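The values are calculated or read from the model by the stated rules, or taken from the named source; none is laboratory data. Note that the structure is predicted; figures quoted are calculated from it, not measured. No Cβ is skipped: glycine too gets one built from the backbone with ideal geometry, and neighbour counts run over all protein chains shown. The accessibility values were calculated without ligands, DNA or RNA, using every heavy atom of the protein model including side chains. Shrake-Rupley method; radii C 1.70, N 1.55, O 1.52, S 1.80 Å.
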Amino acid sequence: LIDKYKKNFVISNDANNASVGYYASQTEASSIAFVFQPTNSVAGSGIIVDGALIFGKNCIAGEVKYLPMNLSDTAEKLSLTPEGTIKLVSKTMVSIISIIGPEVIALYSDLVTDVEEIKKVILEYIPELVKVNDLKEYILL
């Protein structure tokens, strides 16, 4: 291929390829995660940090199917309905946010038509924020 087309090629999975394409289509974020949630299957994610696609050892980076999540059913069954997919994708995204902290998460899923529903679920995982005004009060306890 390189000889024929005079271009470099990277052979990768669908989620990684989609993350590279999404990243190339925008200029605002230097770190993104692209979550691909197919129907009746497990999700995958492509992760770009500081403009570089992250593969990890043995190319396991982005293989979100290995995340330990407390699910009410299997990922395959949850991914069959919009409600189940929202639960599944939300938990996947919370994990990605807590580990990578990307500026943007892009989502492709046939069963999710509005990301606002996912935002509502993700907000459930954000703890109460308390403003501390006097640090010494707590350091000296």
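Estimated from helices alone, the mean residue ellipticity of the chain at 222 nm is -10000 deg cm²/dmol (sum of -39500 (n - 2.57) over DSSP H runs with n ≥ 4, per residue). Solvent-accessible surface of region 43-115, averaged per residue with a 1.4 angstrom probe and all protein chains in place: 56 square angstrom. Once the Cβ-Cβ distance of Y125 and V104 is raised to the sixth power relative to R0 = 22 Å, the FRET efficiency obtained is 0.75.
Once both labels are positioned 7 Å from their Cα atoms along Cα-to-Cβ, the gap between T113 and I97 label points is 2.4 nm.
To put it simply, the accessible area of region 1-124 at a 1.4 Å probe is 56 percent carbon and sulfur. What FRET efficiency comes out for K4 versus A24 if R0 is 30 angstrom and r is the Cβ-Cβ distance? Round to the nearest 0.05. In this case the efficiency is close to 0.85. Just to be sure I follow the rule: in the chain, considering lysines 8 or more places apart or on different chains, how many pairs have Cα atoms under 23 Å apart? Lysine pair count for the chain: 14. Ranked by the mean number of other Cβ atoms within 10 Å of their residues, highest first, the peptides 121-133, 84-96, 48-60, 17-29 fall in the order 84-96, 17-29, 48-60, 121-133. Contact order for the chain, expressed relative to its length and based on alpha carbon pairs under 8 Å spaced 6+ residues apart, stands at 23 percent. For L107, the amide hydrogen comes within under 5 Å of the amide hydrogens of V35, counting only partners 5 or more places away or on other chains and with H modelled in the peptide plane. A straight line joining the Cα centroids of region 12-46 and region 71-125 runs 14 Å.
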